[in-house]
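The structure appears right after this line, and notes come after that.
Read-outs: derived from the displayed coordinates by stated rules, not from any lab. Remember, it's a predicted structure, so these values are computed and weren't measured experimentally. Cβ placement follows ideal geometry from the backbone for every residue including glycine, while neighbour counts extend to all protein chains displayed.
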Amino acid sequence: MALPRITVLISGRGSNLAALLAAMDAGTLAGAVTTVIANRADAGGLAIAAAHGVATQVVDHRTFPSREDFDAALAQAIDASAPDLVVLAGFMRVLGGAFVRRFCGRLLNIHPSLLPAYPGLHTHRRALADGVRLHGCTVHFVTPDVDVGPIVGQAAVPVHDGDDEATLAARVLAAEHVLLPAVVRWYCSGRLDLDGRRVRIRDTDPGSHDVLFAPVPDP
Ligand code: GRF
C-alpha cells in the first residue's frame, strides 16, 4: 500500500522537518515527505530536504501583492504535491480562512507552548516572565483562528531556575522533535478522530498520548 504523502511547510532551520525525516529513515513513521515548501529562499530546512531527495519549492510571500494572493499560490503549490497531510513545521506566516478551510482536517501545526497558554510569538520569553514551572509544545489541527485548533498532542518540560530563553527553547525543541513524529505517525495510521474540539486517538494505551513528559532531571 502506498505511504501517506506529506507536504511540509517551513520558514527556517527545519529541525522539526529533520525529526520527521529521521523517524521515516528509522522505519518508525510510515509516511513519505514528498515536498517541502518554504516561504523564504534562505530557509535552512530546504537543504535538509534536498539532502533527503525531497522536492523543494519556494513561495516567497514578499512577491505577492496581498495575503490572499500568497495563500492562493501556496495552496496551488500544495495541491500540486497531492498530499494526504500538510504539516506546518516552523512556518511563520498566518494563513487566511479560505486556505485553512481548503485543507481542513489534514493541516497540522507545531507550536512551542502548552496551548492554550502562550499562543503567538515569543512563547519562551513570556513563560519565563510568568514564572511557570511547566512549559512545552503542542501539535494541533489548524483552524482559521491562530493557535486555537483542536489539540492532538502535547509534550511538557520543566522550567529550571537558571533557565534563559535559549536554554528553555532548546529543551522545548527537543520535546518538539519527539512529539511531532508521534502525532504524524498517529495521523498516518488513521488513528485520529475529531469529535468537536476534542481529538481522540484510537488504539493506543489510555493516557499515553496526552502529555509526553520529557525526562525530568534530579532536583
Ligand atoms: C519551532 O520551535 C516551532 O515550534 C516554531 O518555530 C520553530 C521552528 O524550528 N513554530 P525548526 O525550523 O523546526 O527548527
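Let me know the charge dipole size of the range 15-139 about its Cα centre in debye, to the nearest 20, where only the beta-carbon of Lys, Arg (+1) and Asp, Glu (-1) is charged.
On the way: 10 positive and 9 negative charges, 80 e Å.
Using Cβ point charges on Lys, Arg, Asp and Glu, the range 15-139 gives about 380 debye.
Within the listed set 66, 81, 11, the Gaussian network model of the chain (springs between alpha-carbon atoms below 10 Å) gives the highest mean-square fluctuation for 66. For the chain, the dipole from Cβ point charges (+1 on Lys and Arg, -1 on Asp and Glu) about the Cα centre works out to 400 debye, to the nearest 20. Applying a DSSP loop filter and a limit of 11 other Cβ atoms within 10 Å to the trypsin sites (Lys or Arg not before Pro) in the range 107-144 leaves 133.
Hydrodynamic estimate: the Kirkwood radius of the range 110-219 over Cα pairs, inserted into Stokes-Einstein at 10 °C and 1.306 mPa s, corresponds to D of 110 µm²/s. Take the range 69-121, drop everything but the C-alpha atoms, weight them equally and run the Debye formula without solvent; then report log10 I(q)/I(0) at 0.12, 0.23, 0.32 Å⁻¹ to two decimals. Values, matching the q order: -0.30, -0.98, -1.44.
Per-residue 3J(HN,Hα) values for the range 79-89, derived from phi via the Karplus relation 6.51 cos²θ - 1.76 cosθ + 1.60 with θ = phi - 60°, read 4, 5, 8, 6, x, 8, 8, 10, 10, 8, 10 Hz in sequence order (x marks Gly and Pro).
Semi-axes of the equivalent ellipsoid for the chain, please: Cα gyration tensor eigenvalues, times 5, square-rooted, ordered largest first, whole Å. Walk me through the numbers on the way to the answer.
Values: eigenvalues 139, 84, 62 Å².
Computed over the chain, the values are 26, 20, 18 Å.
Using a Gaussian network model of the chain in which every pair of alpha carbons under 10 angstrom is joined by a spring, one finds that among 158, 65, 119 the greatest mean-square fluctuation is at 65. Report, in whole Å, the centroid distance computed from the Cα atoms of the range 63-83 and the range 100-148. Here the two parts' Cα centres lie 23 Å apart.
Look at the dipole of the chain built from charges on Cβ: of 73, 47, 170, the Cα furthest out on the positive end belongs to 73. For the range 110-219, the antiparallel share of DSSP beta bridges with both residues in that region comes to about 95%.
Projecting the Cα atoms of 149, 124, 11 onto the charge dipole of the chain, computed from C-beta unit charges around the Cα centre, puts 149 farthest toward the positive end.
Comparing 79, 130, 25 in a Gaussian network model of the chain, where Cα atoms under 10 Å apart are tied by springs, the biggest mean-square fluctuation is seen for 130. The value of relative contact order for the range 110-219, using C-alpha pairs under 8 Å at least six residues apart, is 26 percent.
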